[in-house]
Amino acid sequence: MPLADLRSGEVTDPVVLGALRVSAGLGSMVETWPRAPGQVLARLHVLAAADLADDAALGRPAPHAGPRLSGLFALITGATTAPAVLVAALVHGELAALAPFGVSDGIVARGAGRLTGIARGLDPKAVSVPEVGFAELGRAAYDRALAGYASGTEAGVAGWLVHCCRATEHGALEGLAICESLLRG
């Protein structure tokens, strides 16, 4: 979506609108995420899928997701020595592969990964733009890496983690460029 179209306010694509709502809402969820990830995940889905899903289904994961979500919530709320970039990648990958809602799961997964990075100190001021990193690496590479994660193999999960680290690196460079541009006026 071209930036000029977004700025014009004439965007009507429900997926884009959902992504914008999620992005705008992340700041208010940072403190709650590590304590009540289920609550935040439901809110992310409401924001992402408001124009795409039936109201009764908003924020309600499918029954198949229960056990894996419980494990994911333990990772989010627990202490770990794993680097924040890896925890964020695991959260993103697990939600994208699990597709707990059936609608807008990718947007929810990216939002949850971003929240994890912010909450765990990887990007506490939320100035990086990891979405740019994923876009620069390409949709096909994202899909391949996610399929590898979903396979559950050691190589597949490792490939996903490397892909997310590369996207994070690109996103950090983009965030730096934006900050430098703002400083220059």
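Any read-out appearing in this document is the output of simple, stated calculations on the displayed coordinates, not a laboratory observation. Worth saying up front: this structure is predicted, and the values here are computed from it rather than measured. For neighbour counting, all protein chains shown are included, and Cβ atoms are generated from backbone atoms with ideal geometry for every residue, glycine included.
A few notes on this one:
- Test set (1) without any contact (Cβ under 8 Å) to a residue 40 or more places away in the chain; (2) touching a Phe, Trp or Tyr at 6+ places or on another chain (Cβ under 8 Å) - Pro124 fails condition number: (2)
- With respect to (1) surrounded by 15 or more Cβ atoms within 10 Å (Cβ to Cβ); (2) touching a residue at least 12 places away in the same chain (Cβ under 8 Å), the lone exception for Gly156 is condition (2).
- Failed criterion for Leu90 (all others in (1) in contact with a Gly (Cβ under 8 Å, 6 or more places away or on another chain); (2) of a type in the set (A, V, I, L, M); (3) within 26 Å of Ala65 (Cβ to Cβ) hold): (1)
- Inter-residue pairs, beta-carbon under 7 Å, first farther than 18 Å from Arg144 by Cβ and in contact (Cβ under 8 Å) with a residue 12 or more places away in the chain and in the range 161-185, second in a helix (DSSP H, G or I) and of a type in the set (A, V, I, L, M), 6+ apart: Gly171/Val132; Glu174/Val132
- Among residues of the range 29-57 that are in contact (Cβ under 8 Å) with a residue 12 or more places away in the chain and crowded, with 24+ Cβ neighbours inside 10 Å, those with a Cβ under 6 angstrom from a residue that is of a type in the set (D, E, K, R) and not in a loop (DSSP other than H, G, I, E, B), sequence gap 6+ or separate chain, pair up as Leu47/Arg21.
- Every residue from the range 73-106 that is surrounded by 19 or more Cβ atoms within 10 Å (Cβ to Cβ), over 17 Å from Ala48 (Cβ atoms) and either in contact with a strand residue (DSSP E or B) (Cβ under 7 Å, 6 or more places away or on another chain) or not small (Gly, Ala, Ser) (or both): Ile76, Val85, Val87, Leu90
- Matching option when the condition is more than 17 Å from Ala99 (Cβ to Cβ), surrounded by fewer than 16 Cβ atoms within 10 Å (Cβ to Cβ) and of a type outside the set (Phe, Trp, Tyr), among Ala141, Ala147, Ala167: Ala141
- Output for the range 23-55, where each listed residue is assigned to a helix (DSSP H, G or I) and β-branched (Val, Ile, Thr): Val40, Val46
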